[in-house]
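Following: one structure in structure tokens, then a few remarks.
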Amino acid sequence: MADEAPTAAATSPAPNRVKEKPGPLEYMRRWPLQLIVGLTLLFLYLPLITLMVFSFNTSRRNIVWQGFTTDWYVRAFNNESLLQAFINSLTIAFLCTIASVVLGALAAVMLWRFRFPGKTVVEGSLALPIVVPEICMGVAMLVFFARVMPWPTGLPWPLNLGAITIAHISFAFPFVATVVRARLASFNRELEEAAKDLGASEWRTFWDILVPHMQPGLIAGALLAFTLSLDDFVITFFTAGPDTITFPVKVYSMLRFSVTPEVNAASTILIVVTVILTAVGLNMQNQTPADKKA
Amino acid sequence: MEQTWRQAKAAFAAVSAPPIVWLLLFFLVPLAVVWAYSFGVNSGPVTIDFTGTFANYTRALEPLYVGIFWKSLIVATLTTLLCLIVGFPVALAIAFSSPKAKAWLLLLIMLPFWTNLLIRTFALIAVLRENGYVNAILEWMWTHASGLMTLVGLQPLGDFEPLTLLYNNTAVVIGLVYVHLPFMVLPLYSALDRMDRSLMEASLDLGAGHLRTIWSVVVPLAAPGVASGVLITFIPALGAYLTPDLLGGTDSQMIANVIERQFKRANDWPFGAALSFLLMYLTFIAVAVQALVQRRSERRG
């Protein structure tokens with residue numbers, strides 16, 4: 001998206017003209033649209049901000065502010081199963097991101113570089129995990145890990161998360177492939193030919209020419225895979241066992257029993273983690289030199 | 001140009017084997033098993049016989065389940081429409097704002113999208129509850145209106161009755177709009193941003209008003225963006241599980257909730273498998289319709 005903006009501006013003379021007479025097309029300066037945008041942002045943020053503010057409230061009930069406390073955070077940190085769920089979620093997201101970036105990049109290169117029989121079928125199948133409703137994928141994973149390939153129980157810690165991680169990779173890597181493929185579209189194939197003419201091997205060309213060009217796409221894809229994994233509830237809900245609970249599944253069961261401010265505190269931590277990660281990811285994307293050259 | 005796989009067989013194998021094998025083993029095989037189950041019969045607590053029966057599909061045609069499918073379709077359509085109505089002006093305003101404001105507004109729209117779905121739904125509960133903000137604001141307005149009316153000598157309004165905003169179908173639609181609004185705004189924005197603005201200026205110069213220009217120039221030009229926004233809002237809304245589960249009442253079950261029940265509490269996997277494949281077929285129909293609309297608008301353009 002960020003790549004398209006400058007080209008669109010360059011081809012149409014409109015932005016200059018808009019600057020000359022700051023009138024008709026500056027919709028953001030008109031009050032009805034300002035009102036709509038303002039209300040929409042209020043709608044999007046009021047619940048989240050409320051949640052974050054009331055995680056510091058002394059009262060158990062969410063509606064009246066009684067005083068500032070960090071008690072709920074202390075409790076959340078002392079809640080061992082909540083902490084374990086949080087660590088599980090981060091671990092799964094991390095593993096899922098690495099595998100998804102590798103698989104997604106390979107898939108993107110395959111579709112971008114080669115012509116082969118059955119390409120449309122492969123392309124369509126790769127789009128399936130993006131299109132298929134989460135619930136259908138969830139039950140498919142449940143059936144698969146219950147009847148076809150039971151994941152051994154009682155494995156030591158990171159290995160017992162295998163089933164959930166595999167499920168997450170399956171839905172995340174096609175997203176990465178889409179992002180990376182969009183990035184590859186701007187690659188100048190002559191560079192690859194030049195490298196090969198100069199004697200670089202297939203591997204060397206891939207690693208030194210293609211990968212640096214893909215980098216912004218890889219970062220964007222990694223960010224996407226990480227958040228998709230961290231965010232997922234439905235598919236995890238179907239693949240999680242009693243001792244392999246992720247953060248969203250844990251929060252869900254806490255919500256089912258009672259809404260305590262502890263959940264507010266835990267949610268606030270996750271929101272802050274997400275915001276920081278997004279900021280870091282966006283920063284990394286903006287700083288890649290390859291992006292500016294394109 | 002693309003090269004044929006024959007020219008670099010080793011490279012092709014290295015690049016294509018991992019993703020294809022992964023997709024086959026951990027996605028297509030599980031789906032195929034579910035598909036096979038949908039033609040099976042529960043013969044014991046954990047055994048399923050593949051009998052090739054259509055009984056699960058005929059059971060899905062019972063009025064109860066057809067009703068739930070119908071309801072899911074209506075809820076998803078309503079959600080998509082509301083997202084479009086709210087999202088279009090927002091996308092328009094973002095597309096036509098200054099570059100700096102644009103970056104900030106896009107980030108503000110994207111940020112909730114990165115935030116956990118469960119947490120957002122949970123946050124919405126606190127706002128919509130009977131003693132939540134929405135009702136508090138309404139009550140404040142109610143009592144003040146009532147006070148004003150007594151001032152001018154009219155009958156006061158009477159006691160404020162808090163609205164039940166949670167655990168019903170309205171809550172489900174509000175929740176789905178809340179969750180899916182960014183999905184709608186982003187494709188709309190990218191379509192509007194790419195549009196040739198001189199056409200709008202021409203329309204305005206020739207005397208058409210803003211609303212007329214938007215309706216007869218901007219909307220047709222942004223049609224592909226509208227179509228993709230509608231699709232990526234409609235599909236997840238149709239298969240939504242969490243929002244109806246947390247915000248809905250006893251009568252707001254959507255199809256995903258019924259599927260979940262078949263696989264967990266009711267333990268009727270074959271029937272659940274049939275329902276999930278019906279949901280998938282509905283999704284594919286939606287994708288096909290979108291592709292058709294897109295192709296037609298491209299041909300016209």
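The values are calculated or read from the model by the stated rules, or taken from the named source; none is laboratory data. Keep in mind that what you see is a predicted model, and the values were worked out from it rather than measured. All Cβ positions, glycine included, derive from the backbone under ideal geometry; neighbour counts span all protein chains shown. Please note that ligands, DNA and RNA were not included when accessible areas were found on the heavy atoms of the full protein model with its side chains. Shrake-Rupley method; radii C 1.70, N 1.55, O 1.52, S 1.80 Å.
If I go through the range B:11-44 residue by residue, how many of them are in a loop (DSSP other than H, G, I, E, B) and open to solvent by 50 Å² or more (accessible area, probe 1.4 Å)? Can you show your working first?
Narrowing the range B:11-44 to residues in a loop (DSSP other than H, G, I, E, B): B:38-39, B:43-44.
In the following step, the residues that additionally are open to solvent by 50 Å² or more (accessible area, probe 1.4 Å) were identified as B:43.
Selection size over the range B:11-44: 1.
Out of A:62, A:79, A:88, report the one residue that is at pLDDT 90 or above and more than 30 Å from residue A:207 (Cα to Cα).
Values: A:62 fails: at pLDDT 90 or above; A:79 fails: at pLDDT 90 or above.
Step by step, each of A:62, A:79, A:88 is checked, and only A:88 is at pLDDT 90 or above and more than 30 Å from residue A:207 (Cα to Cα).
Go through the residues of the range A:201-218 one by one and say whether even a single one is open to solvent by 30 Å² or more (accessible area, probe 1.4 Å), assigned to a loop (DSSP other than H, G, I, E, B), free of Cβ contacts under 8 Å to residues at least 12 places away in the same chain and more than 30 Å from residue B:274 (Cα to Cα).
yes
What are the residues in the range B:96-105 that are part of a helix (DSSP H, G or I) and either at positive phi or surrounded by 21 or more Cβ atoms within 10 Å (Cβ to Cβ) (or both), if any? Let's see the steps before the verdict.
Initial filter on the range B:96-105 (part of a helix (DSSP H, G or I)): B:99-105.
Selection gives B:105 alone.
What residue, of A:46, A:83, A:106, is out of contact with any Gly (no Cβ under 7 Å at 6 or more places or on another chain), more than 12 Å from every other protein chain (Cβ to nearest Cβ), among the hydrophobic types (A, V, I, L, M, F, W, C) and open to solvent by 20 Å² or more (accessible area, probe 1.4 Å)?
Details: A:46 fails: more than 12 Å from every other protein chain (Cβ to nearest Cβ); A:106 fails: more than 12 Å from every other protein chain (Cβ to nearest Cβ).
That would be A:83, the only listed residue that is out of contact with any Gly (no Cβ under 7 Å at 6 or more places or on another chain), more than 12 Å from every other protein chain (Cβ to nearest Cβ), among the hydrophobic types (A, V, I, L, M, F, W, C) and open to solvent by 20 Å² or more (accessible area, probe 1.4 Å).
Being open to solvent by 10 Å² or more (accessible area, probe 1.4 Å) and β-branched (Val, Ile, Thr) is the requirement here; does residue B:219 meet it?
Values: open to solvent by 10 Å² or more (accessible area, probe 1.4 Å): yes; β-branched (Val, Ile, Thr): yes.
The answer is yes for residue B:219.
How many of the residues in the range B:4-42 are more than 7 Å from chain A (Cβ to nearest Cβ) and in contact with a strand residue (DSSP E or B) (Cβ under 8 Å, 6 or more places away or on another chain)?
5
Looking at (1) farther than 17 Å from residue B:54 by Cα; (2) in contact (Cβ under 8 Å) with a residue 60 or more places away in the chain; (3) within 8 Å of another protein chain (Cβ to nearest Cβ), which is the one condition that is false for residue B:282?
Evaluating residue B:282 over (1) farther than 17 Å from residue B:54 by Cα; (2) in contact (Cβ under 8 Å) with a residue 60 or more places away in the chain; (3) within 8 Å of another protein chain (Cβ to nearest Cβ) leaves (3) as the failure.
Kindly provide the set of residues from the range A:253-272 that are open to solvent by 20 Å² or more (accessible area, probe 1.4 Å), in contact with a Phe, Trp or Tyr (Cβ under 9 Å, 6 or more places away or on another chain) and modelled with pLDDT of 85 or more, ordered by number.
Passing the criteria: only A:269.
Run residue A:243 past the list (1) part of a helix (DSSP H, G or I); (2) touching a Ser or Thr at 6+ places or on another chain (Cβ under 9 Å); (3) open to solvent by 40 Å² or more (accessible area, probe 1.4 Å) and report the number of the one that doesn't hold.
Only one criterion in (1) part of a helix (DSSP H, G or I); (2) touching a Ser or Thr at 6+ places or on another chain (Cβ under 9 Å); (3) open to solvent by 40 Å² or more (accessible area, probe 1.4 Å) is unmet by residue A:243, namely (1).
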